[in-house]
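Heads up, the thing below is written out as structure tokens.
The values are calculated or read from the model by the stated rules, or taken from the named source; none is laboratory data. Nothing here was measured: the structure is a model prediction, and the numbers come from that model. A quick note on method: Cβ atoms are made from the backbone with ideal geometry, for glycine too, and the neighbour counts reach across all protein chains shown.
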Amino acid sequence: MPSPNQDDRPPDGPIDMLVLHYTGMRSGAEAIARLRDPAARVSSHYVVEEDGAIFRLVPEARRAWHAGISHWRGREALNGRSIGIEIVNPGHDWGYRPFPALQMAAVCDLCLEILGRHPIPPINVVAHSDVAPDRKADPGELFDWEALAANGVGLWPAAADAPPAGAAMALLGAIGYRTDLPEAVLLAAFQRHWRPERVDGVADAGTMARLAGLAARLAA
Ligand SMILES: [Zn+2]
């Protein structure tokens, strides 16, 4: 299902990020139509339907336009160095619902294949909400990042004691978030990915323990 919304990647850069999204539209067909509409100027490399069907829209060697203004671990404009996967789900605006097991299995397999083709470190397997925390909430707190990590896709925090709440910003920066945004915005983004039980932007003990646990994984 080729999309015209693509161009050359910058020369000589590695492909070292994997960014996961939800489509946030009423149906997969509607989302795919938009991702192939020249007027929309958005795309992704892949779309994964709720039944597990996978569509390729843009070859991995080309730049798909999925992340927009984005930042992670000191890098900007992440479309140039990333693979983007759109996962069909109505999203927070149209009736957010759990991602079916068949769909998650297909996402996991696709991610493992991509990780086999490119030098993408585990901390660079991220949500759109991680790289654009002030604009985006996808794929959101119902997406099972813990199961993906258990299957070798991305990182999950180690068990850790909770440091004081005053340590939150330094830990968020060490993990990869830009630190020129309000702390509550960054904490909510972190929670959507790594502490989905409660997404409220508050540095409570559970959130601080997960922050420290993820930083420990990075240091290991
Ligand atoms: Zn997105």
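If you check L172 against the conditions, is it over 14 Å from the mean Cα position of the chain (by Cα), under 17 Å from R73 (Cα atoms), in contact (Cβ under 8 Å) with a residue 24 or more places away in the chain and away from the ligand (no atom under 16 Å from the Cβ)?
Answer is yes for this residue.
The residues of segment 63-98 that are away from the ligand (no atom under 16 Å from the Cβ) and in contact with an Asp or Glu (Cβ under 7 Å, 6 or more places away or on another chain) amount to a single one, R81. When the test is whether a residue is part of a loop (DSSP other than H, G, I, E, B), away from the ligand (no atom under 16 Å from the Cβ) and of a type in the set (S, T, N, Q), T207 does not pass it.
Looking across segment 4-13 at every residue that is at pLDDT 95 or above and under 21 Å from the mean Cα position of the chain (by Cα), the one that is nearest to the ligand (Cβ to nearest atom) is identified as N5. State whether the residues of segment 115-125 include one that is assigned to a loop (DSSP other than H, G, I, E, B) and within 14 Å of the ligand (Cβ to nearest atom). Scanning segment 115-125 turns up no residue that is assigned to a loop (DSSP other than H, G, I, E, B) and within 14 Å of the ligand (Cβ to nearest atom). Given the criteria in contact with a helix residue (DSSP H, G or I) (Cβ under 9 Å, 6 or more places away or on another chain) and not in a loop (DSSP other than H, G, I, E, B), does V107 qualify? Yes: the conditions hold for V107.
For segment 126-139, a residue qualifies if it is more than 10 Å from the ligand (Cβ to nearest atom) and touching a helix residue (DSSP H, G or I) at 6+ places or on another chain (Cβ under 7 Å), and the qualifying residues are D130, P133, D134.
Being over 19 Å from C111 (Cβ atoms) and not aliphatic (A, V, I, L, M) is the filter here; which residues of segment 74-99 pass it?
If the condition is that a residue be over 19 Å from C111 (Cβ atoms) and not aliphatic (A, V, I, L, M), then G74, R75, E76, G80, P90, G91, H92, D93, W94, G95, Y96, R97 are the ones that fit.
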